Each structure stands twice: as structure tokens, then as C-alpha cells.
Amino acid sequence: MKKITRLVVFIGAAMGVCTAQAGGYQLNDYSVTGLGRSYAGQGIVGDDYSAIAFNPAGMTLMKKSGVQQVFNFINLKADVEGLGRHAGGHKKMNFWQPVPAGFAQYNVNDRLSLGAGIYAPFGLKTQYKKGWFGSESAILSKLDIVDFNISAAYKVTDHLSLGASAILRYIYGRMTQDLPKVGGVAGGGYMNFNVHGWTQTGTLGAMYEFNENSRIGLSWRLRSAQRARGKLKISGSNDMLPVLKNGMYEVHSNPDLPESIALSGYHRYKDLGFSGTARWTHWTSSFPDFVVRSAALPNGKKRTDYRYQNTWTLTGGVDYYYCKNLTFRFGGGWDESPTHKPQRRTIRIPDNDRWWMSVGASYAKNSWQLDVGYAHMIAKTGKAMEDVDNQAKYKHMQSNILGVQLQYKF
């Protein structure tokens, strides 16, 4: 009965992860120009159209209308060491995930700009092979959140610009895992969970230009409440798991994604541009716990206690304007995780604090601009503890991001 109870807890936790838990997995990967400087100066540097997503007030910096296509590829690596009843187990995690984005901007006049964008502000993926030592807790965890954004910016004075975005947000999540062994007998079963839903949210932004070379920006990304529904399929369950009958079950939940506030600055001195961003994410109001409702669960629901903490992200970058057509970039940063205790960290999302290092370059010719970027992130070693018996340590955690982007101005 203890293992049956444990699996029920796993189901509830996994659903919470798959539909809501962005954690430290907030994504900035919708600007390769920004990637080269670790996304410092979000939305106010004025060298691409991603202000539509970061800070819509910064749209007024782009003097020409244009379009932008982004292709980012994220690689996740980690050594996973089994603890507790999994002691001696070892697994390497290594996979790639594409993250595309696109933007378009039209300048009505020298004061008013309109824009649209499609990008992923949150997302995650962890993937293990079926039958690995932790397969009863997780095999695949995938979360895709896509924003469909319409923005407007207005230059109120020669120094102050204001902007706003209306966002239609789509969420899709998938989670799989093996059913557990009970009394030493393999359950032989498999669980596959899918969920999706829509909601509305928005972003507000302001930018103040001291002069053409110095400015600051403030943006507020609003909290969103998802309305997600889907299916939970259980197959291969045997009589030793009486509370988990084979079949297809409906499931629904109302997870929240947090608000965040970002303060950015930019200053150019001769051939160098200096930028920085401090972002605060309000997790405590959005993700203290999570409730899933399904006929597959005892009493029809499961509450999971996460107690996520508010986080800071700090980044800094330098642009070297080598000549009119060529720019080089360098950046670094620190990204805080909302969970620091092993009891709050899951095998599905072994998140931890991480450090950024990045480089990039742009080449512009006539109406075209090609941007490339690379970032390397290193995360602290951390332990995930589902319970006393089911634990794992994540070592050598790192991520690589490769990006290429094409802009066309008209």
C-alpha cells in the first residue's frame, strides 16, 4: 500500500510539473541578438524586434519596420546518480530541443509602432529512457507554452516611450512514466498524460531615454491563470495496483504562471555598448501548491505542496561595434532557481541556480541582418528527493544554446 500511495503522489506531482512548473525554466530564447549578451538590456538596446516580447516600449527604437525569424537550439546535459533504493544507478541525460520565434513590426509614423510576435516565454523538457532506474517517477516531461502577441508602442515625448502587449497564451504538456513494482513484482504498466489549454495575459513597458546613448526600461509581465484539460491513460496495470485501473481518464487543473518585473539599462560609449538587466519573478503568489482533479486519483483530486520562492535573474553584456556592418557581443549572468531544498526539487525538473556565459555577432548589409549567438550555462549540483527511498543526485548539469536569426528591414 505504501508504494501505491507513493505512485499516487507521483501522478499528482507530475501533473503539476507538466502543466505549471516553469520554475527556473523561464525562457528568454526569442532573440539571438540578445543571446550574445546573455539577454542583458532586454528590449531597450534597439538592435532587433524582440522588444515586442521583452518590453514593448522599446519598439520605438527601431526606426524601420521589419520582420525577424529566430532559430534557437537548446542542449541539456547531466549525470544522474541514484540514491536511496536507487543507490548504484547511473544515467546520462543529453538531448537537444529547438525553440523558434518570430516577430514583425510596422512603424505607423515616428511616434507610433505596432508589432506582433510568436514565441515561448516558458518551457521545459527532461527525457530519460524507458526502464531507467527512476522510470517509476519520470520518463518524459515536456511543457510548451506559446504566446501569440500583439503590441503597440508610443513615443510620448522625445525621452519617454510607453508600450503594451495583449497576449493569447497556449499551453501543452506531456508526461510519461512506468508504473511501479509492488511487492517485488513488476507492475509492467505505463502512464501517459497529455493536457492543453488557453488563457489571456499581457505585458506593460516604459522606457526613458536620457540621450541617444543612454536609456533605462521597466517592464511588467502579468501573471496568467491557465485553464488546462486533457487525458490520462493507464495501461498494463495489474491486480496489485487496485487504485490504478487501466483506462483513459479526464483530468483538469488551473495552474498559474508568475508575473515578473524587469529593469534594464543601456549606455553606449564610443565603440562599446554596456547593458544590464535585473528581473524579479513573483513565484510565491502563483505556485505555493498545485491541485489536479481526475477520477484516477483517490477522492478525485491531489494537492501537491511546492512552496516556490521568488527569484532574481541578473545579467550584464557588452557590444563591440567593430564597424558599421559588424558587431561582436559578450555577456554573463546568474539565474536563481525558485527551489533550493531537495524535497521541493523533482526528478522531472532537477532545477538549480545557474551561471551564464555567452558570445555573439551580427552582420548587417543593406536591409538584411544576420545574428548568431552561443551561450553556456552551468548549474550547481543538486539532489531531487521524491521521498526517502526515491532520490537522485544531478551532477555536471549544463546547458548549451546555439542560435541563428535573420532580420529584414523595410
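Structure summary
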{"read-out": "Interchain or long-range residues, amide H under 5 Å from L160's placed H", "value": "E209"}
{"read-out": "Overall form of segment 76-190 per C-alpha gyration tensor (a/c, 1.5; a/b vs b/c)", "value": "prolate"}
{"read-out": "Calculated [θ] (222 nm, deg cm²/dmol) that DSSP helices of n ≥ 4 give over the chain, each run adding -39,500 (n - 2.57)", "value": "-2000 deg cm²/dmol"}
{"read-out": "Label of the coordinate-derived value, mean projected area of the Cα convex hull in nm², listed as [x] 22.9; [y] 18.5; [z] 31.8", "value": "[y]"}
{"read-out": "In sequence order, calculated HN-Hα J values of segment 117-134 (Karplus, 6.51, -1.76, 1.60; Hz; x Gly/Pro)", "value": "x, 10, 6, 10, x, 9, x, 7, 7, 10, 9, 10, 7, 4, x, 5, 5, x"}
{"read-out": "10 Å beta-carbon shell around R329, net charge (K/R +1, D/E -1)", "value": "-2"}
{"read-out": "Length released on extending from K233 to Q309, taking residue separation times 0.36 nm less the Cα-Cα span", "value": "24.1 nm"}
{"read-out": "Greater than 18 Å apart at Cα, pairs in K64/K365; K324/K409; K142/K245; K130/K341; K324/K365; K155/K409", "value": "K142/K245; K130/K341; K155/K409"}
{"read-out": "Dipole axis of segment 134-239 (+1 Lys, Arg; -1 Asp, Glu on Cβ), positive-most option in N211, Y170, Y154", "value": "Y170"}
{"read-out": "Mean accessible surface per residue for the chain, computed with a 1.4 Å probe while every protein chain stays in place, in Å²", "value": "41 Å²"}
{"read-out": "Residue among E136, E250, E212 with the largest mean-square fluctuation in a Gaussian network model of the chain, springs linking Cα atoms under 10 Å", "value": "E212"}
{"read-out": "Amide proton proximity set for R345, modelled H, under 5 Å, gap of 5+", "value": "M385"}
{"read-out": "³J(HN,Hα) computed for each position of segment 313-328 - Karplus, 6.51 cos²θ - 1.76 cosθ + 1.60, integer Hz, glycine/proline x", "value": "10, 10, 9, x, x, 10, 9, 10, 7, 5, 7, 4, 9, 10, 10, 10"}
{"read-out": "Folded to 0 to 90 degrees: helix 2-20 orientation relative to the chain principal axis, Cα", "value": "20 degrees"}
{"read-out": "Percent accessible area from carbon and sulfur atoms, segment 107-154, protein chains only, probe 1.4 Å", "value": "62 percent"}
{"read-out": "In order through segment 75-90: 3J(HN,Hα) via Karplus (6.51 cos²θ - 1.76 cosθ + 1.60), integer Hz, x for Gly, Pro", "value": "10, 10, 10, 6, 9, 10, 10, x, 10, x, 6, 9, 3, x, x, 8"}
{"read-out": "Portion, in percent, of the accessible area of segment 27-88 that falls on carbon or sulfur, probe 1.4 Å", "value": "57 percent"}
{"read-out": "Positive-pole candidate from Q105, G115, A40, dipole of segment 16-164, charges at beta carbon", "value": "A40"}
{"read-out": "Amide H within-cut-off set for D353, under 5 Å, with H built and near neighbours excluded", "value": "S337, K380"}
{"read-out": "Gained length - F328 relative to N254, 0.36 nm times residue gap less alpha-carbon distance", "value": "22.3 nm"}
{"read-out": "Highest average packing first - 362-368, 147-153, Cβ atoms within 10 Å", "value": "147-153, 362-368"}
{"read-out": "For K125, net neighbour charge (Lys/Arg +1, Asp/Glu -1) across residues whose Cβ lies under 12 Å away", "value": "+2"}
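The values are calculated or read from the model by the stated rules, or taken from the named source; none is laboratory data. Note that this is a predicted model, so its numbers are computed, not measured. For neighbour counting, all protein chains shown are included, and Cβ atoms are generated from backbone atoms with ideal geometry for every residue, glycine included. Remember, those area values only see protein heavy atoms, side chains included, never the ligands or the DNA or RNA. Shrake-Rupley method; radii C 1.70, N 1.55, O 1.52, S 1.80 Å.
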